[in-house]
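First the structure, in the form of structure tokens, and then the observations on it.
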Amino acid sequence: MPMKLARTQKNILRTIALSVIVLPLLLAFQNCTPSQTFEGRTTSQMSPGNGNGDFYGGKPILYSHFAADSCRETGRDGKPLPNSQILAPKAGQYKLVRSDCADLNAIDLSPSSVQVTGNDVVYEGRSYALATIKDDFSVIAANCPAGRTLKPSASRVNLIPNAQNMLDTSTWWNHEGVLTSLSDTLAGLPAFTIRRNDPTRLDYWRRAHPDLTLAPNKTYAVSFLARAGTVGEMYFSTSQGSSVISAAVDIATGSTRVFEQQQITLISSEIRTIGSSRYYTLFISTAAALPQIPGAFGFGPNGLDAGSNDVSRVGDSVIISTPQLEDVASYCD
């Protein structure tokens, strides 16, 4: 009996000792979180693109009015831009986003002031027809870089998926700390606000992006329509492993400041106007050794303080429409 008791006591002590060793290891494992990397898509770092835009049918619903006295500005397709436009982010909700050939900050309309007639709407006696979703280059497209010429009848291909719907969660992602929401229109195309919204996640690189992989030994055109939000610079970055380029574009002047470039290099940039909107193109080149791994290609607001120092603050925002990425060789000789 004493021998059994001693054996029992030894077993109990062995169990207690094992618990003392294993329990801290389990707790440490549970509390361990992966270190944040520049691009890793993890639940703690990423959230689907989302915001206050709730397109019914999954796409922006736009209604356009074309007056007899058409706008002087025409799209790349040769057609005049709409005189006025109404955006319907939700069923029964309407916003005036363009009037007298000029883009507007969205103006909420009373539902009772808008009459629905079939696929069209009537506002203040004007009929607005349901707009067909144009291709990404029907309004404007990048020029060729200096020293190259446009190929006749070149077919334009946007390598960015769903460029006219940045709330599409199948292709667009937000780093946590950035929120994308439906804003209004730029040059008649749906526009989105990208805003910093988390005081604990103000790292400069946080942005809205699809996952894209650039090819080596290529020249690309990165283009977008933009308008200043609460800040006046658009942050752009793309990276594949340690290969990266990051820059800020001054929306007022088009001047570009490069923060970092490794195996992806800025060649030149340009700014153009279409109506009341501005269109920006950055020409970038990739090195032969560019690693072929998934990369994140995106945009966000870049703030400046009173001393013109780069800073990230909650509420910093910019407005962007129809970002484009093209292989220059596909449309230029």
Around PRO111, under 15 Å between beta carbons, what's the net of Lys plus Arg minus Asp minus Glu among the other residues? 0
For a bin width of 5 Å, list the pair-distance distribution of segment 183-333 built from all Cα-Cα distances, rounded to whole %. 2, 10, 19, 23, 20, 15, 8, 3, 0, 0
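If a/c stays under 1.5 just call it rounded; otherwise compare a/b with b/c (prolate if a/b is bigger, oblate if not). Do that for segment 127-258, with a ≥ b ≥ c from the square roots of the Cα gyration tensor eigenvalues. All intermediate terms of the calculation are to be shown ahead of the outcome.
Working: a/c = 1.55, a/b = 1.11, b/c = 1.40.
The shape class here is oblate.
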Nonlocal amide H pairs with SER99, under 5 Å, H built at 1.01 Å: GLN85, LEU104
Estimated vicinal HN-Hα couplings, Hz - segment 84-93 in sequence order (Karplus 6.51, -1.76, 1.60; Gly, Pro = x): 9, 9, 10, 9, 10, x, 9, 4, x, 10
Note, ³J(HN,Hα) from phi for segment 176-193, Karplus 6.51, -1.76, 1.60, rounded to Hz, x at Gly and Pro: 4, x, 10, 10, 10, 9, 5, 10, 6, 9, 10, 6, x, 10, x, 10, 10, 9
Taking K and R as +1 and D and E as -1, what net charge do the other residues with C-beta under 12 Å from the C-beta of LEU159 add up to? -2
Applying the Karplus parametrisation 6.51 cos²θ - 1.76 cosθ + 1.60 with θ = phi - 60° to the phi angles of segment 104-110, what ³J(HN,Hα) value in whole Hz is obtained for each residue in order, glycine and proline being reported as x? 10, 5, 3, 10, 5, 10, 5
Quick one: compute a quarter of the convex hull surface over the Cα atoms of segment 61-130 and quote it in nm². 4.9 nm²
Which order do the peptides 231-238, 170-177, 259-266 come out in when sorted by mean C-beta neighbours inside 10 angstrom, highest first? 231-238, 170-177, 259-266
Net charge of Cβ neighbours under 15 Å - reference ALA129; Lys, Arg +1; Asp, Glu -1: +3
Of the peptides 80-90, 146-156, 207-217, how do they stack up when ordered by the mean number of other Cβ atoms within 10 Å, highest first? 80-90, 207-217, 146-156
Once amide H atoms are placed 1.01 Å from N in the peptide plane, what residues at a sequence separation of 5 or more from LEU212, or on another chain, have their amide H within under 5 Å of its amide H? GLY295, ALA296, PHE297
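Each value in this text was obtained by applying a stated rule to the coordinates, not by laboratory testing. Predicted model, so just to flag it, every value in this text is computed and none were measured. Don't worry about glycine lacking a Cβ; one is built from the backbone with ideal geometry, like all the others, and counts go over all protein chains shown.
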